[in-house]
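K.L.:
First, the structure itself, so that you have it in front of you.
What follows draws every value from the coordinates through simple rules; no lab data is involved. Every value quoted in this text rests on a predicted model; they were computed, and no experiment measured them. We place every Cβ from the backbone using ideal geometry, glycine too, and count neighbours over all the protein chains shown.
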Amino acid sequence: MDSKLIFVAVFLGAFSAVIADSWTPWYDRDNPSGTGDWESVGSLLTENPSTMCQKPVAIECQTTAGQPYTSTDDTVSCCPSAGLVCKQAENGNSCADYRVRFLCPDKWTQWFDRDNPSGTGDWENVPNLYSENPNTMCEKPSGIECRTTGGNSYRSTGQTLTCCAKEGLICKNADNTGLCSDYKVRFLCPDL
Ligand SMILES: [Ca+2]
Ligand SMILES: [Ca+2]
């Protein structure tokens, strides 16, 4: 491998390590009465539009008691494309009750620059960004990147500030000598 290929491989490795996926909450939408226990992706999407994703990359299936689904004798399908299904007709009307969760891919939002450092500082904070951009921002990001609006690393300014996924970026003028620089931020959010 020549040095350029090694560089690309290292770059892609670092990039893929940064893009983390997120687990959804556990879902238990159905009981096995009726035709069976249907924890299907389509129904879960309709019923949980803000937490479920269209194309999960993985699924975990358990009984509602928290045991692996393989601990029962039921014939069960457990697939990220379709979800979990236990059909009573295939199991002598004795399906256990199951729950599922999914691994959903994260993706970067656009860059946000909602504030200027005049006033008390530069507030690129999550609650304001979420309420102002409900369709493109998420409530609980899993990652954040902070830069100056000129595109430099936030560290290049040496200023005292917060750059955290939970809070967003907050630079207070009172914590710094002179005004804060103007910053922008982007976040890793579930690909809903
Ligand atoms: Ca269930
Ligand atoms: Ca700003």
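K.L.:
How do Arg29, Arg101 line up, fewest other C-beta atoms within 10 Å first?
P.N.:
Placing the least packed residue first, the sequence is Arg29, Arg101.
K.L.:
While we're on this one: For each pair in Lys107/Lys140; Lys55/Lys140; Lys55/Lys87, compute the distance between the two Cα atoms and list the pairs where it is over 18 Å.
P.N.:
Violating the 18 Å limit, Cα to Cα: Lys55/Lys140; Lys55/Lys87.
K.L.:
Under the rule a/c < 1.5 gives rounded, and otherwise a/b versus b/c splits prolate from oblate, where does region 107-190 land using the Cα gyration tensor?
P.N.:
prolate
K.L.:
Averaged across orientations, what area in nm² does the convex hull of the alpha carbons in the chain project?
P.N.:
That works out to 15.4 nm², a quarter of the Cα hull's surface.
K.L.:
Does region 43-156 come out rounded, prolate or oblate by the C-alpha gyration tensor, with a ≥ b ≥ c the root eigenvalues, rounded set by a/c under 1.5 and, if not, prolate when a/b is larger than b/c and oblate if not?
P.N.:
prolate
K.L.:
Roughly how many nanometres apart are two label points built 7 Å out from the Cα toward the Cβ at Arg29 and Ser142?
P.N.:
Taking the two extended label points, one gets 2.0 nm.
K.L.:
Something else: Would you work out if region 20-104 is rounded, prolate or oblate? Take a ≥ b ≥ c from the square roots of the eigenvalues of the alpha-carbon gyration tensor; rounded if a/c is under 1.5, else prolate when a/b is larger than b/c, oblate otherwise.
P.N.:
Because a/c hits 1.5 or more and a/b exceeds b/c, region 20-104 counts as prolate.
K.L.:
If the only charges are +1 at each Lys and Arg Cβ and -1 at each Asp and Glu Cβ, what is the size of the charge dipole of region 13-135 around the Cα centre, to the nearest 20 debye?
P.N.:
So the magnitude is around 180 debye.
K.L.:
Could you give the length gained on full extension between Ser77 and Thr64, defined as 0.36 nm per residue of separation minus the Cα-Cα distance, in nm?
P.N.:
3.1 nm
K.L.:
OK, next. By counting other Cβ atoms within 10 Å of each Cβ, how are Leu103, Leu169 ranked from fewest to most?
P.N.:
Leu103, Leu169
K.L.:
Now a separate question. Please order Phe112, Phe102 by the number of other Cβ within 10 Å, starting at the fewest.
P.N.:
Ascending number of Cβ neighbours within 10 Å: Phe112, Phe102.
K.L.:
Of Pro32, Phe102, Ala174, which is farthest towards the positive pole of the chain's charge dipole, taken about the Cα centre with +1 and -1 on the beta-carbons of Lys, Arg and Asp, Glu respectively?
P.N.:
Comparing the listed Cα positions along the dipole, Ala174 ranks first.
K.L.:
Under 17 Å Cα to Cα from Lys184, which aspartates and glutamates show up? Leave out anything in the same chain fewer than 8 places away.
P.N.:
Reachable aspartates and glutamates: Asp113, Asp115, Asp122, Glu124, Glu132, Glu145, Glu167.
K.L.:
Still on this model: On C-alpha positions alone, give me the angle between the axis of helix 3-18 and the longest principal axis of the chain, in degrees, nearest 10.
P.N.:
70
K.L.:
Based on Cβ point charges of +1 for Lys and Arg and -1 for Asp and Glu, what charge dipole magnitude is obtained for region 113-192 about its Cα centre, in debye rounded to the nearest 20?
P.N.:
180
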